[in-house]
Amino acid sequence: QVQLVESGGGLVQPGGSLRLSCAASGIAFTFYLMGWYRQAPGKQRELVAIIFSGGSTNYADSVKGRFTISRDNAKNTVYLQMNSLKPEDTAVYYCQAGHRDINYWGQGTPVTVSS
């Protein structure tokens, strides 16, 4: 059974940092593209960052220079380091695992940026 379990969300002040983790099980992790998406209230889910199996990365323009995605294949875990957080980063953050036409999603972890 495939599971993606996110953790690390919470409440943080503007300018603060959080590190999200997503632990995967039931998949051949090293072969999967891993991504972080987010969905703010009343908005569509949007891509935040992705990391390919070879380690290359892509980011949404809104988070470039502030967020860093990384993966630890030995731990089957993908991370999202979020720095200089802004109120507009408030959303539920979802982990995604993709391989060819297969996609799996985690249950999401909420991030609230507020003073």
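Answer yes or no as to whether D101 is at pLDDT below 95 and not aliphatic (A, V, I, L, M). Spelling it out, D101 is indeed at pLDDT below 95 and not aliphatic (A, V, I, L, M). When region 43-75 is filtered for residues that are of a type outside the set (S, T, Y), at pLDDT below 95 and open to solvent by 50 Å² or more (accessible area, probe 1.4 Å), only G54 remains. If you go through region 1-32 and keep only what is of a type in the set (A, V, I, L, M) and surrounded by fewer than 16 Cβ atoms within 10 Å (Cβ to Cβ), you end up with V2, V5, L11, A28. Considering each residue of region 75-96 in turn, at least one proves to be in contact (Cβ under 8 Å) with a residue 40 or more places away in the chain and touching a helix residue (DSSP H, G or I) at 6+ places or on another chain (Cβ under 8 Å).
Applying the set (1) open to solvent by 70 Å² or more (accessible area, probe 1.4 Å); (2) closer than 16 Å to P110 by Cα; (3) part of a loop (DSSP other than H, G, I, E, B) to L85 leaves exactly one unmet item: (1). Do the conditions hold for T68, that is, is it within 19 Å of V2 (Cα to Cα), of a type in the set (V, I, T) and under 11 Å from the mean Cα position of the chain (by Cα)? No: the conditions fail for T68.
Residues in region 100-111 that are touching a residue at least 24 places away in the same chain (Cβ under 8 Å) and open to solvent by 60 Å² or more (accessible area, probe 1.4 Å): Y104, W105, Q107, P110. Inside region 42-96, residues that are polar (S, T, N, Q) and under 14 Å from A23 (Cα atoms) make up a count of 5.
The values are calculated or read from the model by the stated rules, or taken from the named source; none is laboratory data. In this text the structure is predicted, and so the values were computed from the model without any measurement. Note: ideal-geometry Cβ built from the backbone for every residue, glycine included; neighbour counts use all protein chains shown. Please note that ligands, DNA and RNA were not included when accessible areas were found on the heavy atoms of the full protein model with its side chains. Shrake-Rupley method; radii C 1.70, N 1.55, O 1.52, S 1.80 Å.
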